[in-house]
Amino acid sequence: MKILVAVKQVAALDEDFAFRDDGRDVDADFLIRDLNEWDDFSLEEAVKIKETAAEGGAASSVEVIAVSVGPEEVDESLRKCLAKGADRAIRVWDAAIEGSDPIAIARVVAAVARREAPDMLFAGVQSSDQSFAATGIATAAFLDWPHAAVVSQLNYTPGAQRALFRRELEGGLLHEIEIQCPAVLTVQLGINTPRYASLRSIKQAAAKPIEILSLANIGLNAADVGESGSASRVRRMYIPDKARAELIDGDVAAQAQRLAAIIREFKGAGTGGGAA
Ligand code: AMP
């Protein structure tokens, strides 16, 4: 039995940063990379399910497989997953994947899922850097599997036909849902307490292989990914102008005069002219 966990290496901004020459992203030299926080929780959930099944003497063992779409530096996050209990790690990369939106990434994750045929697929609710909150659900659409988002509690026995879970709704309400497996669930923060990797497991993970797959290995072409395989495209990334605030002092007449001057300034009419 298998649980596939889609994990993303996210980027956080360094104190100072610059945009790329094309103005569509931050220059990679200014980014600090780490495993997406949500994916730490979904991996923990999968590892917990595996351990519970083993403790309960399950007939066949559960394999937890972390999969990520990204270049070589993503191996660092995959090793973190291996150190925290994933049995295998898969990374898919091809230069053509550069510039993929969540739909194209989902197409790749779905292709890996078809190859691995897991009993369940977990993704995070969202990524902390781009917050699309789309990849997991889009993966389910490509697979034509049932799916649910923002799962905050899960009761799943590997191999079972159905899983039971809860989702948090607005106003403190909960949804309790039963879903047919295999399914794609996007996992919310706080569903469990992710473990720290021990020094021993970090060392062991460093020696474990990471399976690198090309597009051809999973039956995709360059046209399925990158901008040609995407439904959206970032046009530019920028820092918005800072909002200004000004406290207007003085009596009512002085305040009105200042207000009128500000309005004229915004309209580009200059500050001279008639009474307020
Ligand atoms: P997003 O749709 O970007 O907000 O990401 C939501 C979730 O989709 C993440 O928590 C991951 O589980 C998964 N995901 C996003 N990007 C990737 C990627 N490059 N490789 C594998 N999984 C990903």
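Every read-out reported here was derived from the displayed coordinates using simple, explicitly stated rules and does not represent laboratory data. The shown structure was predicted, so the numbers you read here are calculated from the model rather than taken from an experiment. Please note: Cβ atoms are built from the backbone with ideal geometry, for glycine as well, and neighbour counts cover all protein chains shown.
At a Cα cut-off below 28 Å, give the lysines reachable from Lys8, other chains included and same-chain residues fewer than 8 away excluded.
Lys48, Lys50, Lys80, Lys84, Lys203, Lys208
Would you mind ranking Ile90, Ile210 by Cβ crowding within 10 Å, fewest neighbours first?
Fewest-to-most ranking of Ile90, Ile210: Ile210, Ile90.
Quote to one decimal, in nm, the extra length available between Ala243 and Gln161 on full extension: 0.36 nm per residue of separation minus the C-alpha distance between them. Kindly include the intermediate steps, with their values, before the conclusion.
Details: separation 82, 0.36 × 82 = 29.52 nm, distance 5.36 nm.
Working it through step by step, the gained length comes to 24.2 nm.
Across bins of 10 angstrom width beginning at 0, how are the C-alpha pair distances of segment 32-183 distributed, in whole percent?
With a bin width of 10 Å, the distribution comes to 10, 40, 38, 12, 1.
Set the Förster distance to 45 Å, then compute FRET efficiency between Thr52 and Asn217 from the Cβ-Cβ distance, nearest 0.05.
Numbers: r = 32 Å, r/R0 = 0.72.
My answer for the efficiency is 0.90.
With unit charges on the beta carbons (Lys and Arg positive, Asp and Glu negative) and the dipole taken about the Cα centre of segment 53-143, which residue among Ala106, Ala59, Ala134 sits farthest to the positive side?
Farthest towards the positive end: Ala59.
Of Ile202, Gly190, Phe165, which is farthest towards the positive pole of segment 65-209's charge dipole, taken about the Cα centre with +1 and -1 on the beta-carbons of Lys, Arg and Asp, Glu respectively?
Value: Ile202.
With N denoting the number of residues in the chain, provide Rg(C-alpha) divided by 2.2 N^0.38 Å, to two decimal places.
1.31
Once you have the Cα-Cα distance between Lys208 and Ser232, take 0.36 nm times their residue separation minus that, and quote the gain in nm to one decimal. Before the final figure, lay out each step's value.
Details: separation 24, 0.36 × 24 = 8.64 nm, distance 3.62 nm.
Result: 5.0 nm gained on full extension.
If you average over every viewing direction, what projected area does the convex hull of the Cα atoms of segment 31-101 give, in nm²? Write out the running numbers ahead of the final one.
Numbers: hull surface 22.7 nm².
The number I arrive at for segment 31-101 is 5.7 nm².
Given a Förster distance of 30 Å, report the FRET efficiency between Glu15 and Ala95 from their Cβ-Cβ distance, rounded to the nearest 0.05. Spell out each step's value before the answer.
Numbers: r = 30 Å, r/R0 = 1.01.
Calculated transfer efficiency: 0.50.
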